[in-house]
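Engineer: Quick one: structure below, then a few questions.
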Amino acid sequence: MSNIKEKQEEVVEEFSMFDDWMQRYEYMIDLGKSLPLIDEKYKVEENIIKGCQSKVWVHAELEGDKLVFTADSDAIITKGIVAILIRVFSNQHPADILEADTQFIDEIGLKEHLSPTRANGLVSMIKQLKMYAIAYQTQLD
């Protein structure tokens, strides 16, 4: 199982293969389509990420000592964004999620190619994943 840093490097490498942002958006849409589907019972108000323009649901569960995320969104680009985050942070120890930086987002140039509201949503998604990590880390301590 690769660690967060390795997964971030994979994402950066994949995005660097594309020449322009249209190709990167298409790739993000494809990533969104491959997102492990969230169970319908978790598509509830308390799992909606506040600060996102579109609806994004994220659910976290502890499996052993690792945090596993599932998510969905009603917008295709947003679904791709959350798919990238879940790929990097799912199946990791909560403490590792908390310590991880999100520099890879800047490296792929994602923030500057999103509208301000989507960029805020991205920050909100990261914040929520880290909040889940805090909650589950306290259970492990």
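The values are calculated or read from the model by the stated rules, or taken from the named source; none is laboratory data. Everything numeric in this text was worked out from a predicted model, so none of it was measured. Glycine also receives a Cβ, built like all others from the backbone with ideal geometry; neighbour counts cover every protein chain displayed. Calculation scope for accessible area: heavy atoms of the full protein, side chains included, ligands and nucleic acids excluded. Shrake-Rupley method; radii C 1.70, N 1.55, O 1.52, S 1.80 Å.
Engineer: Using helices alone, I'd like the mean residue ellipticity at 222 nm for the chain: each DSSP H run of four-plus residues gives -39500 (n - 2.57), total over residue count, nearest 500.
Structural biologist: It lands at -17000 deg cm²/dmol.
Engineer: Further question on the same structure: Packing-wise, with mean Cβ within 10 Å as the measure, how do 78-87, 7-16, 128-137 rank, highest first?
Structural biologist: Going by the mean number of other Cβ atoms within 10 Å, highest first, we get 78-87, 128-137, 7-16.
Engineer: If I fit a long axis through the Cα atoms of helix 76-89 and take the longest principal axis of the Cα atoms of the chain, what angle between them do I get, 0 to 90°, rounded to 10?
Structural biologist: Approximately 50 degrees, to the nearest 10.
Engineer: Leaving out ligands and nucleic acids, note down the accessible area per residue over segment 1-134 with a 1.4 angstrom probe, in whole Å².
Structural biologist: Ligands and nucleic acids excluded, the result is 52 Å² per residue.
Engineer: Along the charge dipole of the chain, Cβ charges K/R +1 and D/E -1, which of SER54, ILE84, LEU114 sits furthest on the positive end?
Structural biologist: Ranked along the dipole, the leading option is SER54.
Engineer: Which length gain, in nm to one decimal place, applies between VAL68 and LEU98 when the Cα-Cα distance is subtracted from 0.36 nm times their residue separation?
Structural biologist: 9.4 nm
Engineer: So how tilted is helix 21-33 from the main axis of the chain? Cα-based, degrees 0 to 90, rounded to 10.
Structural biologist: So the inclination is approximately 30 degrees.
Engineer: Quick check on segment 30-126: of the DSSP beta bridges with both residues there, what percent are antiparallel, nearest 5%? Provide the component values of the computation, followed by the final result.
Structural biologist: Details: 10 of 11 bridges.
Expressed as a percentage, antiparallel bridges in segment 30-126 total about 90.
Engineer: What do you get for the angle between helix 4-16 and the principal long axis of the chain? Use alpha-carbon atoms, 0 to 90 degrees, nearest ten.
Structural biologist: 20
Engineer: Leaving ligands, DNA and RNA out of it, report the carbon-plus-sulfur percent of the accessible area of the chain at a 1.4 Å probe.
Structural biologist: Carbon and sulfur: 51 percent of the exposed surface of the chain.
Engineer: Rounding to the nearest 20 debye, state how big the charge dipole of the chain is about its Cα centre with +1 on each Lys and Arg Cβ and -1 on each Asp and Glu Cβ.
Structural biologist: 500
Engineer: Same structure, new question: Run the numbers on the chain and let me know its relative contact order in percent, using alpha-carbon pairs under 8 Å that are six or more apart. Can you show the working numbers first?
Structural biologist: Numbers: 185 pairs, mean separation 39.5, N = 141.
Once divided by the residue count of the chain, the mean separation gives 28 percent.
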